[in-house]
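Just below is one structure, and these are the notes that go with it.
The values are calculated or read from the model by the stated rules, or taken from the named source; none is laboratory data. Quantities reported herein were computed from a predicted structural model and do not represent experimental measurements. Note: ideal-geometry Cβ built from the backbone for every residue, glycine included; neighbour counts use all protein chains shown.
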Amino acid sequence: MLFLRRQLLRTLSFAFGSSFIFGRNQLAIAAQTAVQPKTSPLPAGAAVRDGIAGGTEMEKVNGIGGFFFRAKDPKALGLWYEQHLGILPIPTSYGETGWQQEAGPTAFAPFPETSKYFGDAQKVWMLNFRVRDLDKMAAQLQAAGIAVKIDAQSYPNGRFARLHDPEGNPIELWQPKGPDTKG
């Protein structure tokens, strides 16, 4: 489990920048000369992070617009997410509003097929939701009879907890470390 946390931390460090990631000048030199700098190889996605693709500014997505997945009972599962995590369903008319995310970091991390990080080997995805107060969220879920396991360790990027939805899909709650959080 510690190895997987390190992998997640490495991914987050990459996503938010780090001193060991190439700077723009090193990337520009590499792009102009078509020769890799002699330091270390370009981390995957660095061109996207720095907003360059082939020497020109690249258009990037600005967030996750939806998460779509199969469910045994879509209506019941949608209601569970709404009641326990506050995620509104897709609007059915123009007068309704859907779930609005708050701005903040989002980890996007493909894992090896053999990863045990999601728990059940049959599960191919895991949702990670940012929360403002992990303890409050966990208490609220536990009061509703939902098992939540808070990771006792605090990581450089915050705190984590695990739970499963009624169909056994893994969910991770993440309280990022920052000025507006207790993490």
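Data for the structure
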item	result
From Q83, Q100, residue being polar (S, T, N, Q), loosely packed, with under 13 Cβ neighbours inside 10 Å, at pLDDT 90 or above and part of a helix (DSSP H, G or I)	Q83
Hits in the range 139-155 (condition: under 19 Å from E167 (Cα atoms), out of contact with any helix residue (DSSP H, G or I) (no Cβ under 7 Å at 6 or more places or on another chain) and either surrounded by 13 or more Cβ atoms within 10 Å (Cβ to Cβ) or not aliphatic (A, V, I, L, M) (or both))	Q142, G145, K149
Checking I90 against (1) part of a loop (DSSP other than H, G, I, E, B); (2) surrounded by 10 or more Cβ atoms within 10 Å (Cβ to Cβ); (3) modelled with pLDDT of 90 or more, the condition it does not meet	(3)
Out of R132, R162, sole residue that is of a type in the set (K, R) and not in a loop (DSSP other than H, G, I, E, B)	R162
Test result for F118, part of a loop (DSSP other than H, G, I, E, B) and surrounded by fewer than 10 Cβ atoms within 10 Å (Cβ to Cβ)	no
In the range 84-101, residue nearest to L134 (Cα to Cα) [restricted to those that are of a type in the set (S, T, N, Q) and free of Cβ contacts under 8 Å to residues at least 24 places away in the same chain]	Q100
Considering residues of the range 156-172 that are surrounded by 17 or more Cβ atoms within 10 Å (Cβ to Cβ) and more than 18 Å from L77 (Cα to Cα) only, the residue modelled with the lowest pLDDT	N157
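Residues are listed down the side, and each one gets a yes or a no for (1) at pLDDT 55 or above; (2) over 24 Å from A161 (Cα atoms):
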{"position": "F14", "(1), (2)": "no, no"}
{"position": "G17", "(1), (2)": "no, yes"}
{"position": "A31", "(1), (2)": "no, yes"}
{"position": "V35", "(1), (2)": "no, yes"}
{"position": "T39", "(1), (2)": "no, yes"}
{"position": "P105", "(1), (2)": "yes, no"}
{"position": "Y117", "(1), (2)": "yes, no"}
